[in-house]
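> Once you've had a glance at the structure underneath, I'll fire off some questions.
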Amino acid sequence: MTATAFRSEHDLLGSLPVPKDAYYGIQTLRAMHNFHLSGVPLSHYPNFVSALAMVKQAAADANHQLGYLNDKKHTAISAACTQLIEGKHHDQFIVDMIQGGAGTSTNMNANEVIANLALETMGKEKGEYSFLHPNNDVNMAQSTNDAYPTAIRVGLLLGHNDLLVSLERLIDAFSHKSDEFAHVLKMGRTQLQDAVPMTLGQEFKAFSANLTADLNRLKSLANDLFTSVNLGGTAIGTGINADPRYQGIAVERLAAICSYPIKAAPNLIDATSDMGSFVLFSGMLKRTAVKLSKICNDLRLLSSGPRTGINEINLPARQPGSSIMPGKVNPVIPEAVSQVAYEVIGNDLSLTLAAEAGQLQLNVMEPLIAWKMFDSIRLLRRAMDMLREHCVVGITANEERCRTLMEHSIGLITALNPYIGYDNATRIAKLALESGRGVLELVREEQLLDDVLLADILRPENMIAPRLVPLKE
């Protein structure tokens, strides 16, 4: 490689050769050399990169309006931010998501890329910071400690709707299946033992209702938690090095740019150091992950077999299941979703520990918090889309199998209890267990109920809803 492939840049620690075509600069390069950790660069989360550009755009607008940033520089910075918001040059965000310095490397990655893009629009060479500087101009009236956490919040808001859409579509898929299976009688189970009759539709409706509760909470939670930002607080929340008017203008501009109701936090010192909003939202994501895994466990059980298990439903066959057992097909989609759930649960613990680890006026563990938040949302969204597309929409019911298991279940005696009495019901249940005969067969044999009444009791609408009939004396 020739010498002309690099440009020299200088900082506090000295000079380094920076790739000539790179839009990032020396501080980004140092961070790249220092932090070979997760292997996940900032560019992995486009909403985060766009959010960083939105924060820088809002700051530039405020500084321009207040007369601290001239027209030429403001125009150039705005053009650079627009390109990033549109998804261009995200590959220049190369710093690892895990980094020391409380996010300074991320902030400088953004400052340097925006500065060099701006210089390019001004007709200057990359690295000619005497014309437009990453710190003096792009980072004007900011600190990493207010720009970075504000960008995390905006990035989460930008990606939040995609998560809601995926969850809503999965809920709808379960709801459609509940309608499709509304007539399929089966045996409900508790503690993995036969309980009382229900319909397969009711079982799937419960999946839908279970996730709907989380959808309703998630719809409001992000706006409640992430629209309050500490932008303008600079280093610790006191607003040092910023015009007194700057905060109000910058926050107002950020709200307009990102189209969310961004507002200033009521106490900027508190907002700079407290990570409670991330802990609460991560806990909600964990709750959804736990629910998804439980549902997937149920789908695996209900489809188990096919010859020696429950086998009440069929999951779509997605791939051959064994390298040694011909004909085996495994429930790979629910299995993968559960593994995602475990990852999200682990992310929540990592984030919780990072939030607790803050000291005094700053939490230096914010990079880990940011990574785990974005990672959990990405994983959950992909897992829910996969579960819906590759599994739920293709589930079919084995109606005869459901009915046969129900009619041969000892649990069916519970439905007959109001008509034949507890003592008779207990005796019939014990006899059925000992003899291997069916409950209905024994009831008919002892003429405890006539066929007309028995048929009425076993009607689906009478088996699956409240219906208490007084026992005849």
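> Restricting the stretch 380-397 to residues that are open to solvent by 10 Å² or more (accessible area, probe 1.4 Å) and under 13 Å from the mean Cα position of the chain (by Cα), which is farthest from T106 (Cα to Cα)?
D385
> Further question: Test Q359 against the stated conditions and say whether it is surrounded by fewer than 18 Cβ atoms within 10 Å (Cβ to Cβ) and either in contact with a helix residue (DSSP H, G or I) (Cβ under 8 Å, 6 or more places away or on another chain) or at pLDDT below 95 (or both).
On the way: surrounded by fewer than 18 Cβ atoms within 10 Å (Cβ to Cβ): yes; either in contact with a helix residue (DSSP H, G or I) (Cβ under 8 Å, 6 or more places away or on another chain) or at pLDDT below 95 (or both): yes.
Yes: the conditions hold for Q359.
> Also: Suppose we keep only residues that are touching a Phe, Trp or Tyr at 6+ places or on another chain (Cβ under 9 Å) and over 30 Å from Y68 (Cβ atoms) within the stretch 213-249. Which one would you say is surrounded by the fewest Cβ atoms within 10 Å (Cβ to Cβ)?
Filtering the stretch 213-249 for residues that are touching a Phe, Trp or Tyr at 6+ places or on another chain (Cβ under 9 Å) and over 30 Å from Y68 (Cβ atoms), the one surrounded by the fewest Cβ atoms within 10 Å (Cβ to Cβ) comes out as N223.
> Could you grab me the full set of residues in the stretch 59-70 that are touching a residue at least 24 places away in the same chain (Cβ under 8 Å) and either open to solvent by 20 Å² or more (accessible area, probe 1.4 Å) or assigned to a helix (DSSP H, G or I) (or both)?
If the condition is that a residue be touching a residue at least 24 places away in the same chain (Cβ under 8 Å) and either open to solvent by 20 Å² or more (accessible area, probe 1.4 Å) or assigned to a helix (DSSP H, G or I) (or both), then A59, A60, D61, A62, N63, Q65, L66, Y68 are the ones that fit.
> Is there a residue in the stretch 13-24 that is in contact with an Asp or Glu (Cβ under 8 Å, 6 or more places away or on another chain), open to solvent by 10 Å² or more (accessible area, probe 1.4 Å) and at positive phi?
Among the residues of the stretch 13-24, not one is in contact with an Asp or Glu (Cβ under 8 Å, 6 or more places away or on another chain), open to solvent by 10 Å² or more (accessible area, probe 1.4 Å) and at positive phi, which makes the answer no.
> Can you pull out the residues in the stretch 301-331 that are modelled with pLDDT under 85 and open to solvent by less than 50 Å² (accessible area, probe 1.4 Å)?
Once the filter is applied, which keeps residues that are modelled with pLDDT under 85 and open to solvent by less than 50 Å² (accessible area, probe 1.4 Å), the stretch 301-331 yields G321, S322.
> Quick check on my filter: what residues within the stretch 393-418 are among the polar types (S, T, N, Q), modelled with pLDDT of 85 or more and either farther than 20 Å from F207 by Cβ or in contact with a Phe, Trp or Tyr (Cβ under 6 Å, 6 or more places away or on another chain) (or both)?
The one that is among the polar types (S, T, N, Q), modelled with pLDDT of 85 or more and either farther than 20 Å from F207 by Cβ or in contact with a Phe, Trp or Tyr (Cβ under 6 Å, 6 or more places away or on another chain) (or both): T404.
> It is to be established whether one or more residues within the stretch 430-438 are farther than 28 Å from P334 by Cα and crowded, with 19+ Cβ neighbours inside 10 Å.
yes
> Which one is modelled with the lowest pLDDT, of the residues in the stretch 95-126 that are in a loop (DSSP other than H, G, I, E, B) and open to solvent by 40 Å² or more (accessible area, probe 1.4 Å)?
Our first condition is that a residue be in a loop (DSSP other than H, G, I, E, B); within the stretch 95-126, this holds for 95, 97-103, 122-126.
Those left that are additionally open to solvent by 40 Å² or more (accessible area, probe 1.4 Å): 98, 101, 123-126.
Numbers: I98: 95, G101: 90, G123: 96, K124: 97, E125: 95, K126: 95.
Filtering first and then ranking leaves G101.
> Let me ask something else. Any idea which residue in the stretch 366-379 is farthest from V340 (Cα to Cα), counting only those that are hydrophobic (A, V, I, L, M, F, W, C), open to solvent by 20 Å² or more (accessible area, probe 1.4 Å) and touching a residue at least 60 places away in the same chain (Cβ under 8 Å)?
Checking each candidate, the answer is L368.
> Could you check, for the stretch 430-442, whether at least one of its residues is in a helix (DSSP H, G or I) and of a type in the set (K, R)?
yes
> Something else: If you take the residues of the stretch 406-416 that are part of a helix (DSSP H, G or I) and open to solvent by 50 Å² or more (accessible area, probe 1.4 Å), which of them is farthest from N462 (Cα to Cα)?
E407
> In the stretch 199-221, which residues are more than 16 Å from C296 (Cα to Cα) and out of contact with any helix residue (DSSP H, G or I) (no Cβ under 8 Å at 6 or more places or on another chain)?
Answer for the stretch 199-221, where residues must be more than 16 Å from C296 (Cα to Cα) and out of contact with any helix residue (DSSP H, G or I) (no Cβ under 8 Å at 6 or more places or on another chain): A213, N216, S220.
> Further question on the same structure: Tell me, which residue of the stretch 174-192 that is open to solvent by 10 Å² or more (accessible area, probe 1.4 Å) and either at pLDDT 95 or above or small (G, A, S) (or both) is nearest to L215 (Cα to Cα)?
S175
> Out of all the residues in the stretch 418-428, is one or more surrounded by fewer than 20 Cβ atoms within 10 Å (Cβ to Cβ) and either in contact with an Asp or Glu (Cβ under 8 Å, 6 or more places away or on another chain) or of a type in the set (F, W, Y) (or both)?
Yes, there is a match, as at least one residue in the stretch 418-428 is surrounded by fewer than 20 Cβ atoms within 10 Å (Cβ to Cβ) and either in contact with an Asp or Glu (Cβ under 8 Å, 6 or more places away or on another chain) or of a type in the set (F, W, Y) (or both).
> Give the residues of the stretch 33-47 that are open to solvent by 40 Å² or more (accessible area, probe 1.4 Å) and either over 13 Å from D91 (Cβ atoms) or among the acidic types (D, E) (or both), sorted by residue number.
Correct list: H33, N34, F35, H36, L37, G39, N47.
> Collect the residues in the stretch 154-173 that are open to solvent by less than 10 Å² (accessible area, probe 1.4 Å) and either outside any helix (DSSP H, G or I) or in contact with a Cys (Cβ under 8 Å, 6 or more places away or on another chain) (or both), keeping them in residue-number order.
Across the stretch 154-173, the qualifying residues are V154, L157.
> Has the stretch 203-226 got any residue that is under 30 Å from H408 (Cα atoms) and basic (K, R)?
yes
> Still on this structure: Only one of these is in contact with an Asp or Glu (Cβ under 7 Å, 6 or more places away or on another chain) and either open to solvent by less than 50 Å² (accessible area, probe 1.4 Å) or free of Cβ contacts under 8 Å to residues at least 60 places away in the same chain (or both): K56, K73, K88. Name it. Give the steps one after another, and end with the answer.
Numbers: K56 fails: in contact with an Asp or Glu (Cβ under 7 Å, 6 or more places away or on another chain); K88 fails: in contact with an Asp or Glu (Cβ under 7 Å, 6 or more places away or on another chain).
Only one candidate qualifies: K73.
> Next question, about the same structure. Among the residues of the stretch 338-356, write down those that are open to solvent by 20 Å² or more (accessible area, probe 1.4 Å) and either touching a His at 6+ places or on another chain (Cβ under 8 Å) or under 30 Å from I236 (Cβ atoms) (or both). Talk me through it step by step, then tell me what you get.
Start the filter on the stretch 338-356 by keeping residues that are open to solvent by 20 Å² or more (accessible area, probe 1.4 Å), which leaves 339-340, 342-343, 345-346, 349-350, 352-353, 355-356.
Listed by number, the residues that qualify are L349, S350, T352, L353, A355, E356.
> Quick check: is even one residue across the stretch 138-150 within 27 Å of N230 (Cα to Cα), buried (at least 24 other Cβ atoms within 10 Å of the Cβ) and of a type in the set (D, E, K, R)?
yes
The values are calculated or read from the model by the stated rules, or taken from the named source; none is laboratory data. Just so it is clear, the structure is predicted and the values come from calculations on it, not from any experiment. When we count neighbours, we look across all protein chains shown, and the Cβ atoms used for this are built from the backbone with ideal geometry, even at glycine. Surface areas here come from the heavy atoms of the whole protein model, side chains and all, with no ligands, DNA or RNA. Shrake-Rupley method; radii C 1.70, N 1.55, O 1.52, S 1.80 Å.
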